[in-house]
1. Among Leu78, Leu118, Leu110, which is under 30 Å from Asp32 (Cβ atoms) and touching a Cys at 6+ places or on another chain (Cβ under 8 Å)?
2. Determine whether Val75 is among the β-branched types (Val, Ile, Thr) and touching a Phe, Trp or Tyr at 6+ places or on another chain (Cβ under 7 Å).
3. Tell me yes or no: at least one residue of segment 96-110 is modelled with pLDDT of 95 or more and within 30 Å of Thr27 (Cβ to Cβ).
4. Identify the residue in segment 29-58 that is in a loop (DSSP other than H, G, I, E, B) and in contact with a helix residue (DSSP H, G or I) (Cβ under 8 Å, 6 or more places away or on another chain) and, among all such residues, is nearest to Arg117 (Cα to Cα).
5. (1) part of a loop (DSSP other than H, G, I, E, B); (2) touching a helix residue (DSSP H, G or I) at 6+ places or on another chain (Cβ under 9 Å): which one isn't true of Asp61, the others all being true?
6. Assigned to a helix (DSSP H, G or I), out of contact with any Lys or Arg (no Cβ under 9 Å at 6 or more places or on another chain) and surrounded by fewer than 13 Cβ atoms within 10 Å (Cβ to Cβ): does that describe Asp84?
7. Hey, among the residues in segment 98-118 that are touching a Lys or Arg at 6+ places or on another chain (Cβ under 9 Å) and not in a helix (DSSP H, G or I), which one's nearest to Ala73 (Cα to Cα)?
8. Take the residues of segment 64-81 that are of a type in the set (A, V, I, L, M, F, W, C) and in a helix (DSSP H, G or I): which is farthest from Arg119 (Cα to Cα)?
Amino acid sequence: MKLQTRLFQKWSDNEHEPIGYEVGELTDELKDFVAKQCLPLTAKEMSHELTTLAALTKRRDNGEIDTKTFVQAYVTKLADYPADVVKYVLANAARDSKFFPAWAELYDELEYWGRSRLRLKDAIDAV
């Protein structure tokens, strides 16, 4: 599969030195590939991953919040990130954390591992 965009050099006026690139034609294959790489897990898959994480960690006292509401809140937030990033971050949390991680802890890792791909998708969609 040929995954590329055509890049055209941008030239400065001073001695014709290249200063960067601008996007030319975007291939449909690239757009489809990036879109697929940004798909989230299904709600059922996320629930399974969260259940696995919960089984491997201790849960902090969340007062009167029932498990269904707790899981649904995480599923809603995790739907914004690519499937492989979510799996990776949750697997690392299970390995590295004694307690079930707070959303802020997961958010930092999700942003670190997934944000650049989501920005790429947004840029491609904007073309």
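The values are calculated or read from the model by the stated rules, or taken from the named source; none is laboratory data. All of these numbers come straight from a predicted model, not from anything done at the bench. All Cβ positions, glycine included, derive from the backbone under ideal geometry; neighbour counts span all protein chains shown.
1. Answer to the selection: Leu118.
2. no
3. So far as segment 96-110 goes, yes, one or more of its residues are modelled with pLDDT of 95 or more and within 30 Å of Thr27 (Cβ to Cβ).
4. In this case the residue turns out to be Cys38.
5. Unmet condition: (2).
6. No.
7. It comes out as Ala102.
8. Phe70
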